[in-house]
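Undergrad: Can you keep this structure in mind? I'll have questions shortly.
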Amino acid sequence: MTKQGQASRNRFHQRFWSTLLILVGLNLPQPVWAAASKQDLEAIARTRDIALQAINSRDFSKIEPFLHPAFTITTVDNRIFHRPQEFEQYWNQQFTAPIKNIALELTGETTRTFLSADTEVAYGEATSTFYFTDGNVGVMPLRWTAVLQKVQGTWMIQTLHFSSNLLDNPVLHGAQMQGRILAIASGVGGLLVGAIAVWLLRRRSNPAIQPSSPES
């Protein structure tokens, strides 16, 4: 092969591999936004704190400016709400016997990824503490996922999702305990009723012997 032919072949290989790398690169996932400014992180923290205060104080008026127009929240019982008024009504309905109060608290580290300069996906853990009317306290571990978007300079909650182990939580344990108490009470009550019934039947079947009158 001549030197000219060899050079032409080398140029062809270079162009081929360059084109292939470009095509492969176009199909690779684009890198996520790996950094955020200190101001954005502080603003996100403020939105988070206001949301927690709204839930724990049952005052949702302050959180409304921080909810995205397409806001969605999914609760641990698989309910979905798109309006804060609907969620507020649902939340207030939880405070009936035997639940007196519920306190939500974030725990551990928050893992966050910025998909763009104005979109954050975060997840972490939390605890929901239940205060019952009988004085007992139960803690339910939770996991949460949130999507926040920056709209006109404000970080808003677009999606919020909570999950828990529904087979291991204080509300279920409380219901089971109440069920056991009712079962025991019903059993004791049944025994008492049965004992009284047997006692009455025996009295009827063995009437008291009347004393005979003295002979005149």
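Undergrad: How many nm is it between the label spots at T154 and A36, if each spot is 7 Å from the Cα in line with the beta carbon?
TA: Output for this residue pair reads 1.7 nm.
Undergrad: K100 versus T133, label points 7 Å from Cα toward the beta carbon: distance in nm?
TA: So the label points at K100 and T133 sit 1.1 nm apart.
Undergrad: Using a/c under 1.5 as the rounded threshold, could you call the stretch 53-97 rounded, prolate or oblate? The axes a ≥ b ≥ c are square roots of the C-alpha gyration tensor eigenvalues, and prolate needs a/b larger than b/c, oblate otherwise.
TA: Numbers: a/c = 2.29, a/b = 1.23, b/c = 1.87.
Cα axes put the stretch 53-97 in the oblate bin.
Undergrad: Give the long-range amide H neighbours of M156: residues separated by 5 or more places, or on another chain, with amide H under 5 Å away, using H modelled in the peptide plane at 1.01 Å from N.
TA: For M156, the qualifying residues are Q149, K150, V151.
Undergrad: Suppose a student asked you for the relative contact order of the stretch 100-168, using Cα pairs under 8 Å spaced at least 6 residues apart; what percent would you report? If you can, show how the numbers build up before the last one.
TA: Values: 138 pairs, mean separation 17.8, N = 69.
RCO, the stretch 100-168: 26 percent.
Undergrad: Efficiency by 1/(1 + (r/R0)^6): what FRET value for D77 and Q53, r their Cβ-Cβ distance, R0 = 30 Å, to the nearest 0.05?
TA: Values: r = 23 Å, r/R0 = 0.76.
FRET efficiency, D77 to Q53: 0.85.
Every read-out reported here was derived from the displayed coordinates using simple, explicitly stated rules and does not represent laboratory data. Note that this is a predicted model, so its numbers are computed, not measured. Positions of Cβ are backbone-derived with ideal geometry, glycine not excepted, and every protein chain shown enters the neighbour counts.
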